[in-house]
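Report on the structure given below.
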Amino acid sequence: MTEAVFDRLSAATYQRSPLHAQDRDWPETNCYLDIWIELLPSLGLPPEACLAYSVTQDFEGDQFTFFKVPLEDLEALYGLKVTELAIYDRVEYHIQQQIERGRASLVEVDSYFLPDTHGIGYHQAHGKTTIVANWMDFDTRTMEYFHGLGLHRLEGDDFDGIFQRGDHAKPTPFLPYTEFVKFPKVAPTPEHILAVSEALLRHHLKRRPATNPIAAFAKVFPAQVEKVSEREFDFFHLYAFNTLRQVGANFELLSSYLEWLVAQDRPQVADGIALAKSISSTAKMVQFKLARAVMRKKFQGLEEGLAPAIDAWDSLMTLLDAQYGAAESSRFEPVSSAAGA
């Protein structure tokens, strides 16, 4: 029998995390965080608890911070130890070795061969993305893997393509970046997760941008869009993904984090939920306006559409600072009993 990281899961019956529900503004976030949104519930752990870092997102001049949960947060909250996996043999052999030890491996692959990207890039466009193999069968060339909105299955030519085997074998200038995850022997308690998550929120609030990043974006937004309109239309998607999509998805996740805190009997942050959702929905609306502006080459007034998000960011940070920003200590400790498997 083929070994699996989670032997009770099947792509045919898998139920995705509510954080990937289709009725959200941004059902998909980015490839790396989407993995954790599905892996953590598969371990019986709440993914919402790790989203405190969302408050640190900044505007970097050409893009909003590509949000990724810090690895030290994962260890402190859940006892998960994430380490780079050195690749010196075929990558699929290393991944299989870790599966046999009960560990998950996050590996960068070509999305061209991922069936779950059908209609977007599957057998149409090459792109880098991250997956986690739940199980692989070399004899039948079949794999079930976490990616995007859930757990999926591929086989045959796609299996060979992902791992550059058979007809897809070719020399590569570098090996794919791969991480592996050691699970704790003892699961953390809900009380531990809540305490550490709140400590992390205090910690990250001290690291948040000193000035409003959405306001900074608004000042350069029309000029950037004018330059985008001079490129091929496919470039619009790249620009939108790294600006409006990043900030929108980030703050929709922050709204889910605040909902989780309220469910843990922290009603003092309840007003922040609507504020974070306002940033998300405003970014989605402005993305639609952006597409029209690029097509019509009319760029004036775009920044005005961001005004609700600018105001919501100021109000949200004021609220969170009042509730969590005054603590003298933001120290947190990993799960003391969670030695690596």
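The values are calculated or read from the model by the stated rules, or taken from the named source; none is laboratory data. In this text, all values refer to a predicted model and were calculated from it rather than measured experimentally. So basically every Cβ, Gly included, is an ideal-geometry build from the backbone, and we count neighbours across all protein chains shown.
Looking at this structure, is LEU261 within 22 Å of the chain's Cα centre (by Cα), under 22 Å from PHE59 (Cβ atoms) and at pLDDT 95 or above? It is false that LEU261 is within 22 Å of the chain's Cα centre (by Cα), under 22 Å from PHE59 (Cβ atoms) and at pLDDT 95 or above. Scanning the range 41-49 for any residue that is outside the structural domain of ALA223 (by TED's automatic domain parsing), closer than 15 Å to SER256 by Cα, touching a Ser or Thr at 6+ places or on another chain (Cβ under 9 Å) and aliphatic (A, V, I, L, M) turns up at least one such residue.
Of all residues being part of a loop (DSSP other than H, G, I, E, B) and among the hydroxyl-bearing types (Ser, Thr, Tyr) in the range 1-45, which is farthest from THR117 (Cα to Cα)? Just the residue, please.
Applying the first criterion (part of a loop (DSSP other than H, G, I, E, B)) to the range 1-45 yields 1-17, 21-30, 43-45.
This time we only want the ones that are among the hydroxyl-bearing types (Ser, Thr, Tyr), so: 2, 10, 13-14, 17, 29.
Details: THR2: 25, SER10: 19, THR13: 19, TYR14: 17, SER17: 18, THR29: 14 Å.
Looking at residues that are part of a loop (DSSP other than H, G, I, E, B) and among the hydroxyl-bearing types (Ser, Thr, Tyr), I get THR2.
Checking each residue in the range 23-35 for being over 13 Å from GLU252 (Cβ atoms) and either surrounded by fewer than 20 Cβ atoms within 10 Å (Cβ to Cβ) or in contact with a helix residue (DSSP H, G or I) (Cβ under 6 Å, 6 or more places away or on another chain) (or both) picks out CYS31, TYR32.
The number of residues in the range 78-122 being part of a helix (DSSP H, G or I) and out of contact with any Ser or Thr (no Cβ under 6 Å at 6 or more places or on another chain) comes to 13.
Against the conditions (1) outside the structural domain of SER256 (by TED's automatic domain parsing); (2) surrounded by fewer than 17 Cβ atoms within 10 Å (Cβ to Cβ); (3) modelled with pLDDT of 95 or more, ARG103 satisfies every one except (2).
Checking the stated criteria, ILE95 turns out to be in contact with a strand residue (DSSP E or B) (Cβ under 6 Å, 6 or more places away or on another chain), in contact (Cβ under 8 Å) with a residue 24 or more places away in the chain, in the same structural domain as ALA169 (by TED's automatic domain parsing) and of a type outside the set (S, T, N, Q). Are any of the residues in the range 274-291 assigned by TED's automatic domain parsing to the domain that holds ALA216, assigned to a loop (DSSP other than H, G, I, E, B) and of a type in the set (S, T, N, Q)? Scanning the range 274-291 turns up no residue that is assigned by TED's automatic domain parsing to the domain that holds ALA216, assigned to a loop (DSSP other than H, G, I, E, B) and of a type in the set (S, T, N, Q). Of everything listed in (1) buried (at least 19 other Cβ atoms within 10 Å of the Cβ); (2) within 18 Å of ALA11 (Cα to Cα); (3) of a type in the set (Asp, Glu), the single unmet condition for GLU48 is (2).
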